[in-house]
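Some notes on the structure that comes next.
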Amino acid sequence: MKKRNDLWKMVSMVMLSAALVAGCSKGETASETAPASVLKDGKYDPPFTITIAKQQDENAGKYINGETLNDNVLTRWGEQNLGIKIQTTLLGGDASQYNTKLRLALTGSEKLPDVLPVYDTMLVNDLIESGQVKEITEDISTYMPDRIKEIYKQYPTTFNPVVREGKVYGMAIAPNLTEGEVMLIRQDWLDRLNLKAPTTIDEFEQVIAAFTNEDPDGNGKKDTYGFTFSGKDSYNTGWVSDPVMIFSAYTGKHLPRQWHNDNGKLTYGSVAPGNKEALAKLRDWYAEGYLNKELATQGAWDALSDFTEGKAGIIIGRPWLYDSVKDVEKNVEGAKISAYPTIQGVNGDKTYQSAQLNDGVFMFNKDFQNMEAFFLYYDKMYDAAFSTGDFKFGYAQGYDYDIVNDEVTFDPTKFNTPLEAVQGVGKMAFTKNTPSVDGPGQSYYDLANGVKADTGVLIQSASKDQTTQDGYRISYENRDVLLPNEFNGPPTPTMQNVWEQLTTMEQETFTKIIYGNEPLEAFDTFVKQWHEKGGDTVIEEVNEWYNQASETDVMTLMNLK
Amino acid sequence: MYHKTTGYRVFSYFNYAFMILAGLACFLPLLHLLAQSLSSKAAISGNMVSFWPVGFNVDAYIKTFNNSNFNGAMLTSITRTVLGTTISMFILTCAGYALSKEFRGRNVLMWFFIFTMLFSGGLIPSYILITALGLKDTIWALVLPGAFGAYNLILLVNFFKTIPKALEEAAFIDGASFFVILSKIYLPLSLPGIATVSLFIMVGHWNSWFDGILYMSDASKYPLASFLQTVVVQSNMQNMAMSQSEVAAMSEQSIKAAQIFVSTLPIILVYPFLQRYFVKGIVLGAVKE
């Protein structure tokens, strides 16, 4: 306190303004060491606060009923029902701002929040090394509720980034195998040209050729093309506008930009031999005009506008992509979109895609004592996913669901107080994405097989557009094509030096080949250089990390076996 | 138009053409934004809007002004700009007036100020300082750190120096004090300089976003520029693969356009009133006797 006063004197001298000084004398350190809260009948008394950091765009979407980040229907629910108040004390807009703020908080200038969701493997590593995060091996074993343990048991690799020397420093945020990608096709174009949806690469070529040359929209102009995707950041975007299917058709499980466990050894997909044939195909298609002319400059989110405008006929993405492109059905008369599975590879196998298992990891301030309370709260957040307890249907009546005439509805316009759009619960909950156990879309699969929609999850799924539902069903039926990236550790020492260069070289080579600016042989040169310029060392280091990560059996230590 | 040589005319046409193009380059993006803000969502996501609204509606504006975050951010920005400019100008005119006189140690002082122009503590020390001072989450964190800018000080000092010394001496003889001289003689005479520097500071405050994001742990305290930064940058994020809910919550292009448009209006409106001082304010300081 003494030091602060001195600083204040200096500041006030400079400011020459008494009013300012008065304005600044608040900001006392909040030293509320509450009397020990006790858990009684599932509720803490007196209530206490768990502070948390959050990466969230606070301005997308909005709160209703005058609520705010720290005072809304969910924080109030926690206080009333569990005696736990969740307070967000560190907020970052996008990923890089959030990381910057977390790093700044590490300088010790302020108290680190109790719970830290971290989305960057490098930062995970730095946090562990700073010694400021808690080891939670014991806590997981003791406090994690059984039904959540069951979930983590399914995804042991999600612990790889947070394990050091047999100690666990964090846990994945709501691990869950996410939905896979489907092929969205302009059904009206297929019908007009008497084509059927492609299932092999040759059929795919015929369809996109017809979409380009045979005037599928019937306006007499040659203003359409076959396939739109993004090649700006990677040829494996993993979510929307993804071309990875074409690569996988020739390389199987070796996807670009991804590590794959090939008989116990991790290999890097971009240098696999089949990529050359894939590039040759894309190069031909590009020359014929079947592809997006600007594919290398368009990000995943931009590449879909051609589809929405009615220029492109095929796009690949997660099933909900339909929501983002369905405007074409408004823009173009008669337009209709259908969802299909991705095509087969040249050897008759399915084509593969990258899958995601978790959205960052939870880490905890080393001074945070109440892991039991955290797990109590975390477990309740899972209620909506399991359709149990307070959140049987959804998180808050009148926000994300409502009961109208004894019927649960997820259509915001039918609410008792109709809303423009459904209230995104992630905005109020303590993580940006709420937990799910639906995997790649099991509820949609069940619905399609005639299961009655009687739980919250099923009702919600049943309220989606038919095309979206089809997409999820397809995604679930083909869930075996989802390949998680096997390397999820922090960048290795060599990676930190050369990875940026290697991926840039990769991206440039691929793009130049597709654009026809370099001969196909450039791929061989790239592979050679990739290995020479550090790739070999990276492979070695990555495998070393992989062996280490799977060495100690932390799952048993955490009682997750 | 006395020099009607061919060369002159060619130059003149070229000049006009160039200025018109430059003007369009500035104006068309704004027009595009306006058209987007008045168009329907479907037309925008299909990339069909150029300079004329497609599917005209004003929903985006209604939503913008119904968004309490937007209004709050607007208010924060206005407060910040007014407060910041006032404080800055108070400090700068006092310091500038003093430093335009000859006195011992003047050069040393000046050197100190210029030093800060060239070297800064960097992000982490600044952040620790602001946090330790307890300014975090208050408007002072936005206003105080940049209150004293050496560059603006130099502009003002040079401006004050152009005012004839005899004027000041005459006032002294009539019994005026330093403060009277500053407020009754120097300030009115250096209006162009003050207006220019004020405009610099104003625009600076209006546009700066990083400090807002850095020092505010609650988005309802963001100034407008930080608010827009989060809204606009969001759509370019590549790593949203996992976050379906984020994609769903993403604001529509038309709303973004409306927000950007509304947020540029105030500063555009202020500009014409200060513009007449502008050229004079910048140039005069540069002319030496």
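The values are calculated or read from the model by the stated rules, or taken from the named source; none is laboratory data. Fair warning: this is a prediction, and the values are worked out from it, not measured in the lab. Please note: Cβ atoms are built from the backbone with ideal geometry, for glycine as well, and neighbour counts cover all protein chains shown.
If you go through the range B:124-133 one residue at a time, do you hit one that is closer than 21 Å to B:Thr93 by Cβ and within 25 Å of the chain's Cα centre (by Cα)?
No, the range B:124-133 contains no residue that is closer than 21 Å to B:Thr93 by Cβ and within 25 Å of the chain's Cα centre (by Cα).
Of all residues in the range B:101-137, how many are at negative phi and either in contact with a Cys (Cβ under 9 Å, 6 or more places away or on another chain) or assigned to a helix (DSSP H, G or I) (or both)?
Of the residues in the range B:101-137, 25 are at negative phi and either in contact with a Cys (Cβ under 9 Å, 6 or more places away or on another chain) or assigned to a helix (DSSP H, G or I) (or both).
Pull out all pairs, ordered by first then second residue, where Cβ-Cβ is under 6 Å, the residues are six or more apart or on different chains, the first lies in the range B:54-77 and is among the aliphatic types (A, V, I, L, M), and the second is part of a helix (DSSP H, G or I).
Final answer for the pair search is B:Val54/B:Ala43; B:Ala60/B:Ser37; B:Ala60/B:Ser254; B:Ala60/B:Ile255; B:Ala60/B:Ala258; B:Ala73/B:Leu224; B:Ala73/B:Phe227; B:Met74/B:Leu224.
Counting residues that are hydrophobic (A, V, I, L, M, F, W, C) and away from every other protein chain (no Cβ under 14 Å), which helices (runs of 4 or more DSSP H) fully inside the range A:359-458 reach at least 3?
Output list reads A:371-381.
Show me the helices (runs of 4 or more DSSP H) found entirely inside the range B:1-100 where at least 2 residues are surrounded by fewer than 16 Cβ atoms within 10 Å (Cβ to Cβ), modelled with pLDDT of 85 or more and within 14 Å of chain A (Cβ to nearest Cβ).
By residue number, B:68-99.
Taking the range A:276-302 only, how many residues are buried (at least 22 other Cβ atoms within 10 Å of the Cβ), more than 11 Å from chain B (Cβ to nearest Cβ) and of a type in the set (A, V, I, L, M, F, W, C)?
Qualifying residue count for the region: 5.
Looking at A:Asp126, A:Asp71, A:Asp41, which is the one that is crowded, with 16+ Cβ neighbours inside 10 Å and among the acidic types (Asp, Glu)?
A:Asp126
Just give me the residues in the range A:318-353 being at the interface with chain B (Cβ under 10 Å from one of its Cβ atoms), touching a helix residue (DSSP H, G or I) at 6+ places or on another chain (Cβ under 6 Å) and of a type in the set (Val, Ile, Thr), in sequence order.
Result: A:Val325, A:Val328.
Please list, ordered by residue number, the helices (runs of 4 or more DSSP H) wholly in the range A:175-259 having 2 or more residues that are over 30 Å from A:Asp359 (Cα atoms).
Helices (runs of 4 or more DSSP H) meeting the threshold: A:187-192, A:201-213.
Would you mind telling me which numbered condition in (1) assigned to a helix (DSSP H, G or I); (2) surrounded by 20 or more Cβ atoms within 10 Å (Cβ to Cβ) A:Asp480 fails?
Condition (2) is where A:Asp480 drops out.
With respect to A:Asp446, determine if the residue is at pLDDT 90 or above, closer than 22 Å to A:Tyr382 by Cβ, of a type outside the set (Val, Ile, Thr) and crowded, with 18+ Cβ neighbours inside 10 Å.
It is true that A:Asp446 is at pLDDT 90 or above, closer than 22 Å to A:Tyr382 by Cβ, of a type outside the set (Val, Ile, Thr) and crowded, with 18+ Cβ neighbours inside 10 Å.
Which count do you get for residues in the range A:270-306 that are free of Cβ contacts under 8 Å to residues at least 24 places away in the same chain and either under 23 Å from the mean Cα position of the chain (by Cα) or farther than 30 Å from B:Gln253 by Cβ (or both)?
Adding up the residues that qualify gives 4.
Checking the conditions here, which among B:Ile91, B:Ile173, B:Ile163, B:Ile114 is β-branched (Val, Ile, Thr), in the same structural domain as B:Ser220 (by the TED database) and within 30 Å of B:Lys221 (Cα to Cα)?
Answer to the check: B:Ile91.
Here are B:Pro188, B:Pro192: which of them is on the phi < 0 side of the Ramachandran plot and buried (at least 17 other Cβ atoms within 10 Å of the Cβ)?
Result of the check over B:Pro188, B:Pro192: B:Pro192.
Yes or no: B:Gly149 in the same structural domain as B:Val203 (by the TED database) and modelled with pLDDT under 90?
yes
Which residues, counting only those in the range A:530-554, are in a helix (DSSP H, G or I) and exposed (fewer than 15 other Cβ atoms within 10 Å of the Cβ)?
Selection gives A:Glu532, A:Lys533, A:Asp536, A:Glu540, A:Glu544, A:Asn547, A:Gln548.
Could you list, in sequence order, all residues of the range B:109-139 that are more than 12 Å from chain A (Cβ to nearest Cβ) and of a type in the set (A, V, I, L, M)?
B:Leu109, B:Met110, B:Ile114, B:Met117, B:Leu118
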